[in-house]
Amino acid sequence: MNLIDRIVQFRAELQAIRRDLHAHPELRFEEHRTAALVAERLAAWGFEVHRGLGGTGVVGLLRHGRSTRSIGLRADMDALPIAEANQFAHRSVHPHRMHACGHDGHTAMLLGAARYLAETKPFDGTVVLIFQPGEEGGAGAQRMIDDGLFDRFPVDAVFGMHNWPGMPVGQFGVAFGPAMASANEFTIHVQGRGAHAALPHLGVDPVFVAVQIAQGLQGIVTRAKKPIDAAVLSITQIHAGDTTNVIPERALLSGTVRTFSDEVTRLIEERMRTIAQLTAQAHGASAQVQFIWNYPPTVNDREQAEFAARVMEDIVGPQNVIRDMEPTMGAEDFAFMLRARPGAYVFIGHGDGSHRAAGHGTGPCMLHNPSYDFNDELLPLGATYWVRLVERFLAR
């Protein structure tokens, strides 16, 4: 790997920052300590610092030369409401809060790049570093945009990066188009009429109706959309009743819908409403559907994805870059930034979990797992990628 020597020299400092963040996780829009640490470091290195975007977001600006071109680099800062299973020294000090997705590492990698860029200024233009709150279900990217992120700090392109467990360390991946799916949630309320379980003909059984609706919804994915359009419709909750000998008044179904296009999401929502309402009506019940569009699909600009791939290849070699990587049905609110500006969201290999120190939990080192810990070996590699991206995008 062609790592930047200077970044390798201060790897220990980056590791200390990362482990400090891991030990002090903060949930979405509560990242006050994290934001203060980021702002303090950026200011010390000579960045122009702006705080409070999207609530607790931080933006650092570094200008050099005469060019009006600019590039945005984004890292997320928030943790998850998970009780950590690890027992090593830098485990979370807060019960039921944990950096189980690697945002501590994402923040540290971008800070590593920030320090090197400030020391050397190997570019002509403006670098906009975006430290974002509330990625985990809070749509913090959209909040920052609503607060004027790209109006106040315009960029020609914006880039994001996420660690990817299971991909070997030293590899990168990028999709030329959809990278991650949309995330949408639904709740269906079925209203029946209660009765004695021994006399079902005197009531309208919402449990029976809910089961028919659940079966019908799967036909949307298998029969209503084009087979080549990917989609997942998962019913994850069914609730009804309190005892064994009573037909309840109501039943509830809820779950998630994942797609790679708004058109497919819209089709699923429309069919879901029709199936739920008409199925309920056919059995003498009624149904109300709540469908919430959360995160849109994360879709890379092909030109910027190709640019990112070439930068990666210079660092780790073409054989270690997965071009046009298979998209995942997971979701990411960097999607909002890619709707506002062209750019690319890439993945950096995180390894198989063997990097974890003694005292880690017994579970796998997968995202959103209580035994997860970020791989500090990635710190100089990720920071090098950010720097090389800036150098080539804002070439002198």
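We did not get these values from a lab; they are worked out from the coordinates using the rules stated. Since the model is a prediction, treat every value here as computed from it, not as a measurement. Every residue, glycine as well, gets a Cβ built from its backbone with ideal geometry; the counts of neighbours run over all protein chains shown.
Here the spin labels are modelled as points 7 Å beyond Cα on the Cα-Cβ line, and at Asn245 and Thr362 they lie 4.2 nm apart. Each listed q (0.16, 0.20 Å⁻¹) maps to a log10 I(q)/I(0) for the stretch 183-295 from the Debye sum over equal C-alpha point scatterers, namely -0.69, -0.96.
Between the amide H of Asn86 and those of Gly361, distances stay under 5 Å, these residues lying 5 or more places away or on another chain, with hydrogens modeled in the peptide plane. For the modelled label position 7 Å from the Cα of Gln191 along Cα-to-Cβ, which residues of the stretch 260-289 have backbone nitrogen atoms closer than 11 Å? Counting backbone N atoms under 11 Å from the label point, the list is 285-288.
Per-residue 3J(HN,Hα) values for the stretch 385-396, derived from phi via the Karplus relation 6.51 cos²θ - 1.76 cosθ + 1.60 with θ = phi - 60°, read 4, 4, 5, 5, 4, 5, 4, 7, 6, 10, 4, 5 Hz in sequence order (x marks Gly and Pro).
Here the calculated FRET efficiency for Gln288 and Arg266, from their Cβ-Cβ distance with R0 = 22 Å, stands at 0.70, rounded to the nearest 0.05.
Take the Cα radius of gyration of the chain and divide it by 2.2 N^0.38 Å, N being the number of residues; the result is 1.11.
Springs between alpha-carbon pairs under 10 angstrom, Gaussian network model over the chain: which of Arg266, Arg91, Arg152 fluctuates most? Among Arg266, Arg91, Arg152, the largest mean-square fluctuation in the Gaussian network model of the chain belongs to Arg152.
Can you give the log10 of the normalised intensity I(q)/I(0) at q = 0.09, 0.10, 0.14 Å⁻¹, computed with Debye over equal Cα scatterers of the stretch 226-380? Scattering profile of the stretch 226-380, log10 relative to I(0): -0.51, -0.61, -0.96.
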